[in-house]
Every structure is written in structure tokens, then in C-alpha cells.
1. Using Cα pairs closer than 8 Å and at least 6 residues apart in sequence, work out the relative contact order for region 3-129, in percent.
2. Do me a favour and compute the ellipsoid semi-axes for region 1-41 from its Cα gyration tensor, root of five times each eigenvalue, largest one first, whole Å.
3. Report, in degrees rounded to the nearest 10, the 0 to 90 angle that the Cα long axis of helix 77-90 makes with the longest principal axis of the chain.
4. Between residue 40 and residue 81, what is the label-point separation in nm under the 7 Å Cα-to-beta-carbon projection?
5. Nearest 10 degrees, 0 to 90: what angle lies between the long axis of helix 3-24 and the longest principal axis of the chain (Cα atoms)?
6. With springs only between Cα atoms under 10 Å, which of 85, 99, 70 fluctuates most in a Gaussian network model of the chain?
7. After finding the eigenvalues of the alpha carbon gyration tensor for the chain, what semi-axes result from the square roots of 5 times each, listed largest first in whole Å?
8. What does the C-alpha gyration tensor say about the overall shape of region 46-115? Classify as rounded when a/c is under 1.5, otherwise prolate if a/b is larger than b/c, or oblate.
Ligand SMILES: [Zn+2]
């Protein structure tokens, strides 16, 4: 298992936990953009919609749309803050778009494993998924 795949596995598992937490907290959410192809990223960067080096391209980011139980689309940053805090508590590599300089409240991402503490990631995967063989980045 490569470090990128290991990161993607932990990210997907953490997103599952976040979605469950949102529903258990009395809200709904829907999936927005998750994977973004290099072609889509290039077009969006030319239109100045994105910075051009997104974790979406690495399958390490997702945009979640938050709703109240009666179906109101929640756009208030405060509504997302609790879930951003929970997201960051799941893993030291998790980042919340609400903390970005250009605020992006519905964006949840993970730094690739090679930017985080590699040993703690291996321990996490080993403990939670029973996988011990993770290749070092060449
Ligand atoms: Zn995003």
C-alpha cells in the first residue's frame, strides 16, 4: 500500500465518521464535489475558481452540504464550525476549509501522509484496518 493510498483509506474512513456525526447531531448533509480530475482542476484554475493544487485531485477532499432536519440549506459559517472541529479531532492531518484564509466552510480535507507523521499514520492504519505493509515514498 502506497502512502497516498494509505492517506485515501484513512480519509474515506474519517469522512464516514464525520457524516455519521453530522446526522447524529441532528442535521442532514449531502455530498458536493469529491474527486476532481486534473482537467477539471486546470479549467477551474484558469477561471480563478480554485488555487490549482487541490486535495480534491488526490482524492483527499470533499465538499459536504449541510441541511437542517426540515431541509433548509445551512450556509452560516457557525453551522459548520462544530463539524470542522470534530473533523480536525479525528486526525492531525485533517484540515477544515472554514480555517482557510479564503474561507470554504463546506470543504473537508486531509494532508497527504508524507506531510504528516508517517509512523502515527502506520500505527493508525495497522490498528484500525489490520494493514501493516505501507511502502516508504521513493
Ligand atoms: Zn472543496
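Every number in this text was worked out from the coordinates using simple rules, so none of it is lab data. Please read these numbers as outputs of a predicted model, since none were measured by experiment. Cβ sites come from the backbone with ideal geometry, for glycine too, and all protein chains shown count toward neighbours.
1. That works out to 26 percent.
2. Semi-axes (√(5λ), whole Å): 24, 17, 4.
3. So the inclination is approximately 20 degrees.
4. 3.1
5. That helix lies at roughly 30 degrees to the long axis.
6. Looking only at 85, 99, 70, the biggest GNM fluctuation is shown by 70.
7. 26, 20, 12
8. oblate
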